[in-house]
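Report on the following structure.
Derivation of every value follows stated rules applied to the coordinates shown; laboratory data play no part. These numbers were taken from a predicted model, which means no experiment stands behind them. Here the Cβ positions follow ideal geometry from the backbone for every residue, glycine too, while neighbour counts run over all protein chains shown.
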Amino acid sequence: MAASSDAPPARPSPRSDRRDRAALALVVYAVLLAQTLVYPGVDLLTAEFGGGGVAGPTLFLAVEFAAFALFAGPWGTLSDRLGERRRLVALAAGGGAAGYLALAAVAGGGRPFLLALLLRALQGAMTVGALSLAISALADRSGGNGRNMGVAGIAIGLGTATGAPLGGQLFEVGATVPLYAAAGLLGVAAVGSLVIPDHPPEPASTTTDAGGDAQRTGGHSGLAALLAGVRDRRELAVPYAFAFADRLVAGFFALVGTLYFRQAFGLGPGATGLLLAAFFAPFALLQYPFGLLSDRIGRVVPIAAGSAVFGLVVIAVGFAPSVPAVAATMVAVGVLGALMAPATLALVVDLAAEDGRGAAVAGFNAAGSLGFLAGSLVGGAVAAEFGFRAAFVVAGGSEFLLAVAALPALLRLGRRAGRTAVFSGGD
């Protein structure tokens, strides 16, 4: 008799799982590489669209991450409902590529800056789908949440590590060259994602957690779904808060850090990209071993201790007296960021229900996108009003204060029944 079509699919072999994990990491890498190509010369790019001063780059970065925050939820909820990752990743990456090409088409044509911002928002709405769902597909793999999120972290870090210096060099060729490169990368990601087999959980609208509490993953979309998820599983607010603060610092460096390095030390886009890479290189290379470490020792120490010291070192960047000193401090920021990033994302996966991982990871990305948005807007406003050093104090101080304030909540998570993964390894 033929096997029932309702039988669950066989889990992949360890070898194929490793291969699929590497392929998904390449998709994440391509998306982040495309995204960060524009950072080293964002002021030059926005000038092509008619957006000058500090306001132009601020709005150009902010509108993308506003779209990230608004659309991460719908992508995750749709994916969980359909039980589908692969084709949605391809659709989103293809849409992101089209968005970058549209931006390149309107550059330098004397069109209103508002048109560029609208296209940027549409590009961000598509790009976040590719990023969030590729990470969700990694979370679906076996092998440990710390391991899988460490792989995601390496891909994210390598994308930003290579995107910053490469983008700087592309800006030396032309202000719109990074846009064409980003479109090509997302096109490759769209095609590549189609060859990766899907292993998502079965679609469902309601599930039960280890403590017997029902979670609703359907019936909502967008930010409403994310708020409902936090309401039903309140402990997700803890890693979401850290995601917000961590990405606030990233948004701060993408705008204020770039302008500070350019103005304070007279650096061009190429040199600025290399200085940003001093952070992103160790951030990328150390995420996988630190992800494994969090599987062994738990999530609390990497998240709490890493975030506290991270905040202090961010402040130190603003007071470093020379380019070599800034580079050394940026390396330290990268090491600490690599310590806490995979543990924070792994904690989200630890706490999420199996069939709600897409929405949970989308919530993580939405919180991070709001943080990036805040880092760009608040950092730019503080720098314009009080100077660069004050802005560094605000950015780093927010991370430090969050680590201190959230420590009791992290400790409570560890004491709760069924939450031992916060302290010790396990899926």
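Over its Cα atoms, what ratio of radius of gyration to 2.2 N^0.38 Å does the range 335-378 give?
That works out to 1.30 for the range 335-378.
I'm a student and want to see the number: the projected area of the Cα convex hull of the range 285-413, averaged over all directions, in nm².
Here the figure is 8.6 nm², rounded to one decimal.
Please report the net charge: other residues with Cβ closer than 12 Å to the Cβ of Ala271, K and R +1, D and E -1.
Local charge sum for Ala271: 0.
Excluding Leu345 itself, calculate the net charge of residues whose Cβ lies under 13 Å from the Cβ of Leu345, where each Lys or Arg counts +1 and each Asp or Glu counts -1.
Net local charge, Leu345 excluded: +1.
Please compute the Cα-Cα pair-distance distribution of the range 283-361 with 10 Å bins starting at 0, giving whole percents from short to long.
Binned Cα distances yield the sequence 20, 39, 27, 11, 3, 0.
Go ahead and collect, in residue order, the members of the range 264-293 whose backbone nitrogen is under 17 Å from a label point 7 Å along the Cα-Cβ direction of Ala328.
275, 278-279
Provide the net charge surrounding Glu48, with neighbours chosen by a C-beta distance below 14 Å and charges set as Lys +1, Arg +1, Asp -1, Glu -1.
+1
Take the alpha carbon atoms of the range 95-110, find their center, do the same for the range 347-403, and report the distance between the two centers in whole angstrom.
Value for the Cα centre distance between the two parts: 28 Å.
Got a sec to turn the phi values of the range 292-303 into Karplus ³J(HN,Hα) couplings, 6.51 cos²θ - 1.76 cosθ + 1.60 with θ = phi - 60°, whole Hz, x for Gly and Pro?
So the Karplus estimates, Gly and Pro as x, are 4, 4, 5, 5, 7, 9, x, 9, 5, 4, x, 6 Hz.
Calculate, in whole percent, how much of the Cα-Cα pair population of the range 34-125 lies beyond 15 Å.
Result: 61 percent of Cα pairs exceed 15 Å.
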